[in-house]
Amino acid sequence: MEFEKKFLDILESADSLVFFTGAGISAESGISTFRGEDGLWKKFKPEELANFDAFLRNPELVWEWYKFRRDVVLNAEPNPGHKAIAGMEKLYDQVSVVTQNIDNLHRRAGSSNIFELHGNIEKNYCIECHSYFNSNELEYVNKIPRCNLCNGLVRPDVVWFGENLPHDIFSAAEKTAESSDICFLVGTSAIVYPAIYIPLSARETGATLVEINIEKTEISGEVNFCFTGKSGELLPQILQEAEKLKHG
Ligand code: BJW
Ligand code: ZN
């Protein structure tokens, strides 16, 4: 893609980048998105599975979804989009990833400053006594993990609808966004609150917003630059441009 000069000038003068990412960045690693054609799992909408009431009503179904997704994630590899973001750390003073994803692919790609707004698929906790368990140490009784201390139901340590985001992580992510020069919105439908406040607060403090998505979204009309295409293709091109600008 031919990038416009205005964008390249901003890329050159920036010191601090934030990448606000969603499920679309991991699509090219073979991980399904939540919404859109590819987004449904057994015809359930995310709102029907990703909530605590659904979990209490049918923990087996919700666990089937998370076990399926964990298997997919464990067999997936970071793609060129994740790697390009990690590569930016060599060029810029401050590079942060604020992700809505729970899949660990940014970490595995080598990014070092990651804020996970919606939790992590490798972590779980007991809903009764709040003991924490890694996914590989779960003990299943009738297909549902149980706490080995109190026999309570164990749930994934992720944020479902109607639940608060981890306060410290959200505040730190907001702070980093507010001090950024460019905030990239990558592979997100940009409809889930309060996560979407992260790029909006970056914009309030003067950051340039750059969207990378295969299609237009709710927020496309509010960003400074809107690049349409796959993040696994566009992000490496942006990294290449940044390398030329920063190192000549
Ligand atoms: C590509 C690509 C490629 C594909 N390259 N791009 C009404 C109005 C406003 C707000 C609300 C409302 N009703 C309820 C709310 C609040 C609610 C909310 O926002 N709902 C909206 C749906 C309207 N939010 C909450 O409930 C949050 N908590 C909260 O508000 O707390 C306060 C409170 C407390 C008590 C009572 C009430 C409120 C919590 C939200 C938690 C979201 N959790 C999930 C599951 C996480 C765990 C898990 O992964 O299992 O988070 S749901 C799901 O959505 C997941 C995602 O992180 C999140 C965002 O989705 P994302 O990442 O954007 O994915 P997609 O699939 O939507 O989009 C993919 C994009 O990629 C698309 O645009 C593609 O085009 C693109 N793409 N391939 C580039 N190769
Ligand atoms: Zn317990």
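The values are calculated or read from the model by the stated rules, or taken from the named source; none is laboratory data. Given the structure is predicted, the values throughout are model-derived calculations rather than measurements. Cβ coordinates were reconstructed from backbone atoms using ideal geometry, including for glycine residues, and neighbour counts include every protein chain displayed. We work out accessible area using only protein heavy atoms, side chains counted, and drop any ligands, DNA or RNA first. Shrake-Rupley method; radii C 1.70, N 1.55, O 1.52, S 1.80 Å.
Probe radius 1.4 Å, ligands and nucleic acids ignored: give me the carbon and sulfur share of the accessible area of the chain as a rounded percent.
48 percent
Identify which of Ser189, Ser26, Ser135 has the largest mean-square fluctuation in a Gaussian network model of the chain, with springs joining Cα atoms closer than 10 Å.
Looking only at Ser189, Ser26, Ser135, the biggest GNM fluctuation is shown by Ser135.
Cα gyration tensor of segment 71-130, axes a ≥ b ≥ c as square roots of the eigenvalues: rounded (a/c below 1.5), prolate (a/b > b/c) or oblate?
It comes out oblate by the Cα gyration axes.
Can you tell me how much longer the chain between Arg146 and Leu40 gets when fully stretched, taken as 0.36 nm per residue apart minus their C-alpha distance, in nm with one decimal?
Going from the current span to full extension adds 35.4 nm.
For the pair Glu12 and Asn224, what calculated FRET efficiency results from E = 1/(1 + (r/R0)^6), where r is the Cβ-Cβ distance and R0 = 25 Å, to the nearest 0.05?
My answer for the efficiency is 0.95.
Please give me, ordered by residue number, the GluC sites (Glu not before Pro) of segment 7-104 that lie in loop per DSSP and have at most 11 other Cβ atoms within 10 Å.
Glu37
Test of the criteria: in segment 108-149, which GluC sites (Glu not before Pro) are in a DSSP loop and have at most 14 other Cβ atoms within 10 angstrom of their Cβ?
Taking segment 108-149 and a limit of 14 other Cβ atoms within 10 Å, the loop GluC sites (Glu not before Pro) found are Glu128.
Run through segment 167-220 and list the GluC sites (Glu not before Pro) located in a DSSP loop whose Cβ has at most 10 other Cβ atoms within 10 Å.
Glu215
With a Cα-only, solvent-free Debye model of segment 101-177, what are the log10 I(q)/I(0) values at q = 0.12, 0.17, 0.22, 0.26 Å⁻¹?
Summing over Cα pairs of segment 101-177 leads to -0.41, -0.74, -1.03, -1.20.
Over segment 1-116, what number does the Rg to Rh ratio reach, with both radii from the alpha-carbon atoms and Rh per Kirkwood?
With Rg and the Kirkwood Rh in hand, the quotient comes to 1.07.
Taking a ≥ b ≥ c as the square roots of the Cα gyration tensor eigenvalues, with a/c under 1.5 meaning rounded and otherwise prolate when a/b beats b/c, else oblate, which class fits segment 188-248?
oblate
Can you give the FRET efficiency to the nearest 0.05 for Lys123 and Ser171, using r as the Cβ-Cβ distance and R₀ = 25 Å?
Efficiency at R0 = 25 Å is approximately 0.80.
Give, to the nearest whole percent, the P(r) tail of the chain beyond 30 angstrom, counting all Cα pairs.
27 percent
Expressed in nm to one decimal, what extension gain is obtained for the pair Glu243 and Phe3 from 0.36 nm per residue of sequence separation less their Cα-Cα distance?
Between Glu243 and Phe3, full extension yields an extra 85.0 nm.
Return one quarter of the surface area of the convex hull spanned by the alpha-carbon atoms of segment 115-248, equal to its mean projected area, in nm².
Computed as one quarter of the Cα hull surface, the answer is 10.9 nm².
Which value in deg cm²/dmol, rounded to the nearest 500, describes the helix-derived mean residue ellipticity at 222 nm for the chain, given -39,500 (n - 2.57) per DSSP H run of n ≥ 4 and division by the residue count?
Rounded to the nearest 500, it is -10000 deg cm²/dmol.
Say a site is exposed when it is one of the trypsin sites (Lys or Arg not before Pro), sits in a DSSP loop, and has at most 11 other Cβ atoms within 10 Å; what is then the longest site-free stretch of the chain?
Longest stretch, sites excluded: 44-142.
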